[in-house]
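Report on one structure; see the data block that follows.
Where a number appears in this text, it was derived from the coordinates with a stated rule and is not lab data. Keep in mind it's a predicted model, so treat the numbers as computed, not measured.
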Amino acid sequence: MFFMGTYTPKLDDKGRLFLPAKFRDQLAEGLVVTRGQERCLTVWPQAAFEELARRAQEAPVTVKAARDYTRFLFAGASDETPDKQGRITIPPMLREYAALNKDVVVIGVMNRVEIWDPARWEEYADAGEAAFSEQSEEVFPGL
């Protein structure tokens, strides 16, 4: 099962976010929220994050890019378990990193969920629309 769709929940005053109902079952057993690329947050189901961690451990520590990536990824990671209402708390450091206030955009991206500031998401989506149209054959030959 994949995460997909775009949702616009709100953060409450305590930094809690209602997960979209369609995502809750897949995330009910636990998740990890991390810094993502393009200044969004990435939400990984616990099992997917553990697989990512296993793969990161296989990267040689002698490679600077691997060290940099794993430091950034793990230093900004937070284990969360949704409460009975389907809410998770986004730690202040991560809210600051992604410039999240009250309004957010939550998108499903196959094996993960991303949380965006609405203005950043709109800017990213606008810039990416042309590339999306032009790259389908390059990225997925025969599609």
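If amide H atoms are built 1.01 Å from N in the plane of the peptide, which residues on other chains or at least 5 residues away come under 5 Å of the amide H of PHE3?
Excluding prolines and chain starts, which carry no amide H, the hits are VAL109, MET110, ASN111, ARG112.
Spelling out what I want: for every residue of the range 36-45, take phi, set θ = phi - 60°, compute 6.51 cos²θ - 1.76 cosθ + 1.60 (Karplus), and round to whole Hz; glycine and proline get x.
x, 6, 6, 6, 10, 10, 10, 10, 10, x
Calculated from the structure, semi-axes √(5λ) of the Cα gyration tensor in Å equals which of [x] 23, 22, 16; [y] 23, 16, 14; [z] 26, 15, 13?
[x]
What percent does the relative contact order of the chain come to when contacts are Cα pairs within less than 8 Å and at least six residues apart?
35
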